[in-house]
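One structure below.
The values are calculated or read from the model by the stated rules, or taken from the named source; none is laboratory data. Because the structure is predicted, anything quoted here is derived from the model rather than measured. Quick reminder, even Gly has a Cβ in these numbers, built from the backbone with ideal geometry, and neighbours come from all protein chains shown. Heads up: the accessible areas ignore ligands, DNA and RNA and are worked out on the full protein's heavy atoms, side chains in. Shrake-Rupley method; radii C 1.70, N 1.55, O 1.52, S 1.80 Å.
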Amino acid sequence: MINFVLVMKKIIILFLGWRIFLFLPLIISEVFLIPRTGYGYALYTYFLEKGSVLSNFLLYPFGNFDAVYYLLIAAKGYTVNAGFFPLFPLSIHIATFPFGDILPFEEKQYFTAIALVSFYFLAGLIVFYRLIRLDYKENVAIWSIIFLLIFPTSFFFAAIYSEGLFLLLSLLAFYFARKKKWVWTGVAGALLSATRLVGIAIFPALLYEYFKGGNSKSLGKLLSIFLAPVGLIAYSVYNLEMWGNPFYFIEAQGNFANNRSVESVILPIQTVARYFKILISVNPYLYEWWVAFFEITFFVFVVILFYVAWKKKIRISYLIFGILCFLLPVSSGTFSGLPRYVLTIFPLFIALALIKNKVFKIIYCAVSAALLFIFFMLFSKGYFIS
């Protein structure tokens, strides 16, 4: 019990240190960087009333880009923004319910949402530690958390995005499965598939865990796992009622002008070829060249990490989940958003922690922390990162 309390203190200190660190790039960007010309709508300030306290440079960046859609849905429900799954904005709506009728972008809504994402992520780190300790020593668990915290796009866990909730629910689903608590496993899986489309990847992963985990089999336990797709099914029914198409949320993804194919599967090798053409033909002085460069770099890096994870014999059910979460977005004809999407693929950070080469760890920490600093600076001023 004493050891567990000490570990929790260590995780909380790491979390608070990371959260404080994120203010540094905001200070630097305020001094040296101006908002991206023509992209004012990407900033939270675009939607705020003049003089709002939320216009402060230490506050508004956490509401930039997609956060605006989540806050709109939380306050007003769906209009045409079906590409954003319901559980995260619903949780904001429920949390703000005691305050009465909340309008989008009010201070109460903002601070409630920030408190929620902070809770989701901190709880996720604790569950991450508990899950890893089922198979590995404490140092592997702590290093996995550190590598996650300094990942170049980890600032999305602090922003009003669904990443923290998705990570927490995926970890809970596996933790309950490892503890043979199958009803809770199914409930976590159902909530996960209502958080993001790739949450459905938990279903085959849990089935594998059930049949290969040496469990005493029963129909009731198996049926509990079949709760996992319920979140996605429920949202499909809502789409049918709202827009006359149970898969409108997929069609809506094509409305974001990010070159994502929603009608056919594009092999990742085709997308790699397309990115090489972009890097050859586009002027490196353009910001879009660097976006493409980092998107394909993250793709290659993650492929290598999956190989490392397989060589290190990370649990197969974790890899099934991670690979499916990876393949779904990269089979859409673009790697747009990939640096953020891989953030919740937790086996990758276990793989990093299992690499014993100290030189690699030092280089990774230095490069990753530097990119985290730069990426959040850019994101804070309306430059698309992921």
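Using per-residue counts of other Cβ atoms within 10 Å, averaged over each peptide, order 275-284, 164-173 from highest down. Walk me through the numbers on the way to the answer.
Working: 275-284: 11.6, 164-173: 26.4.
Taking the mean over residues of other Cβ atoms within 10 Å, the ranking is 164-173, 275-284.
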Projected onto the charge dipole of the chain (+1 at Lys/Arg Cβ, -1 at Asp/Glu Cβ, origin at the Cα centre), which of 132, 278, 385 gives the Cα projection farthest towards the positive end? 132
Heavy-atom accessible area per residue - the chain, 1.4 Å, Å²: 46 Å²
Ignoring the sites themselves, what is the longest stretch of the chain with no GluC sites (Glu not before Pro) in a DSSP loop and at most 16 other beta-carbon atoms within 10 Å? 50-262
Apportionment of accessible area to carbon and sulfur, region 1-102, percent (1.4 Å): 71 percent
Sequence neighbours fewer than 8 away in the same chain don't count; with that in mind, list the aspartates and glutamates whose C-alpha is under 19 Å from residue 181. 135, 209
Return the equivalent ellipsoid semi-axes of region 48-136 as a descending list in whole Å, where each equals the square root of 5 times an eigenvalue of the C-alpha gyration tensor. 27, 16, 13
Using a 7 Å offset from the Cα along the Cα-to-Cβ direction at both residue 287 and residue 46, what is the distance between the two label points in nm, to one decimal? 1.1 nm
Sparse-neighbourhood loop sites, trypsin sites (Lys or Arg not before Pro) in region 18-84 - DSSP loop, at most 13 other Cβ within 10 angstrom: 50
Please compare each pair in 277/311; 50/381; 313/358; 50/108; 137/180; 137/221 to a cut-off of 27 Å on the Cα-Cα distance and tell me which ones are over it. 277/311; 137/221
Carbon and sulfur: what percent of region 234-314's accessible surface (1.4 Å probe)? 68 percent
If you average 1/r over all unlike Cα pairs in region 105-254 and invert the result, what Kirkwood radius do you get in angstrom? 16.8 Å
Label points 7 Å out from Cα along the Cβ direction at residue 370 and residue 331: separation in nm? 3.7 nm
Rg to Rh, two decimals, where region 222-351 supplies the alpha carbon set and Rh follows Kirkwood: 1.03
Measure out, as a whole number of angstrom, how far apart the alpha-carbon centroids of region 76-121 and region 1-68 sit. 17 Å
Can you tell me the equivalent ellipsoid semi-axes for region 304-386? Use √(5λ) from the Cα gyration tensor, largest first, whole Å. 24, 20, 8
Equivalent ellipsoid semi-axes for region 340-386, as square roots of 5 times the alpha carbon gyration tensor eigenvalues: give them largest first, rounded to whole Å. 25, 15, 5
Please quote Rg/Rh for the chain to two decimal places, taking the Kirkwood radius as Rh and restricting both calculations to Cα atoms. 0.95
On the full set of protein chains, 1.4 Å probe, figure out the accessible area of residue 101 and give it in Å² to the nearest 10. 130 Å²
How far apart, in nanometres, would the label points at residue 101 and residue 184 be if each is projected 7 angstrom from Cα along the Cα-to-Cβ direction? 4.1 nm
For 120, 208, write out the residues from largest to smallest accessible area, computed with a 1.4 angstrom probe and no ligands counted. 208, 120
